[in-house]
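The structure appears below as C-alpha cells.
The values are calculated or read from the model by the stated rules, or taken from the named source; none is laboratory data. No experiment lies behind these values; they were computed from the predicted model shown. In this analysis, Cβ positions are derived from the backbone assuming ideal geometry, glycine residues included, and neighbour counts consider all displayed protein chains. Each accessible area value is taken on the protein alone, full model and side chains, heavy atoms only, with ligands, DNA and RNA left out. Shrake-Rupley method; radii C 1.70, N 1.55, O 1.52, S 1.80 Å.
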Amino acid sequence: FPTRRSSDLEDPFPPEQQVKDWMWMLGLTVTLVISFIICHFQWQMNVGLTILACVLGFIFAFLCIQIGAVTDTTPLTAASKASQLVFGGATSGHGYSIKDAQRLNLIAGGIASGAADVATNLTADFRTGFLLRTPPMKQWIAQAIGTLISVFLAPGMFVLFTSAYPCIIHPDDYDHCPFQAPSVAAWAAVAQAVTDPSIGIPIKAGIFACVMGAVSVLQVIFRHYYLVGEREKYRAYLPNWGAIALAFVLPVPVFTNAALLGAIIAAVWRKYRYASWDIYGYAVAAGMIAGEGMGGVVGAALQLGGVSGDVRSEEHTSELQSPP
C-alpha cells in the first residue's frame, strides 16, 4: 500500500463541529444503567455479570472492527462464542442450575455480540462520513435518530419474519424452513458445552485452538518486526487468520461461496474494464445486497398473505395427492 501523508489523516472539522465528550459519556452512562435494570429484572443477571458482559463487548469490538474492515463481514459469532466461554467459567460453581446458567450464557453472548456489532457499524459509518467530509456532529445526530427508529423497527421485523416463518424459532416442528439460522445452533451448542457437565469438549479441540492462537500472535510479531524495510513486500503473502477463521465459524458455505464468487467477478471486471468498474462496481454490489434484503421482506409479507411460492406449492402438491 502507498505511504499515507500525515495530512491525509488530519481531521478537517473544527472543534464546534465535533461530537462533545459529554454527549457520548452521557449516552454510555444511560445505556449501562438501563442494561443493569433490564438484565436484573428480566434475566435475573446481577450487576457484576452485566458489567463483565459489557467489558467483553468492549474488548471484542476491536476484534470485530479489524476483521470487519478486512473481510467486510463482522465476526459476531466468534465474539459471542468467546463471551459465552468466559461466562461459562464465571457462572460455574456458583449454584446456578443448568437452565439458569445457559440463560445467562446466552444473554452475555448477546450483549457482547450486540456491542461489537454496533461498534463496527458506527466505525464504518463515521469512516464513510470522513471520506465524504460530513461533519461528525451531523453524523452523530443522524445516528441518534436512526437508533431511536431501529429500537421499534427491529423487533417489528423480528415479529414479521417469525410470524411468517415460525420454523425460525420452532425448527423441530417443521421439516423445511426457508430461512436457515446456522448461528442459532452454534449459540446453543456453546451454551450447552460450557454449562452442562455431561457434555465434554475434546482435549484436541482445545490444543488446536491454543496452537492456532499462538501462530496468529507470532505472525503479527513477525510481520511488524521482521518484515520491514526491503522485506516489507513479503507481507502480502501472509494469510489473514481472521478471515480464515471467519470462514470456519460459518457452518454453511453459502456466505463464503458468495463472497468468493463476488471477489472473482470483481477482480476480473476491475482488471479488464477498470473504467466501468470504477463507476458501477460498488453501486452494483450495494444494489444486490439491498435487493436481497428487500426481497426477504416482500417474501415474508407474501408468506403471511398466503400467496408465497411455498404455500402455493404445498396446495398444488395436496391437490395432486388427493384422490379424484
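Note on the chain: Cα Rg divided by 2.2 N^0.38 Å, N the number of residues, gives 1.19.
Please give the FRET efficiency for Ile98 paired with Val70, using the beta carbon to beta carbon distance and R0 = 30 Å, rounded to the nearest 0.05. Efficiency computed from Cβ-Cβ geometry: 0.20.
Calculated on the alpha-carbon coordinates, the convex hull of the range 59-203 measures out at 169 cubic angstrom per residue.
Ligands, DNA and RNA aside, Val268 has an accessible area near 80 Å² when probed at 1.4 Å. The packing ranking, built from the mean of other Cβ atoms within 10 Å per residue, places the peptides 42-50, 254-262 in the order 42-50, 254-262, highest first. Using 0.36 nm per residue and subtracting the Cα-Cα separation, the extra length available between Glu230 and Ala286 on full extension is 16.3 nm. Normalised per residue, the accessible area of the range 1-105 is 64 Å², obtained with a 1.4 Å probe and no contribution from ligands, DNA or RNA.
In angstrom, the C-alpha Rg and Dmax of the range 223-305 are 18.8, 65.
Kindly identify the range 1-111 as rounded, prolate or oblate by the Cα gyration tensor criterion: order the square roots of the eigenvalues as a ≥ b ≥ c, call it rounded if a/c is under 1.5, otherwise compare a/b with b/c, prolate if a/b is larger, else oblate. In terms of gyration-tensor shape, oblate. Its Kirkwood hydrodynamic radius, worked out from the mean inverse distance over all distinct Cα pairs, puts the range 115-179 at 14.4 Å.
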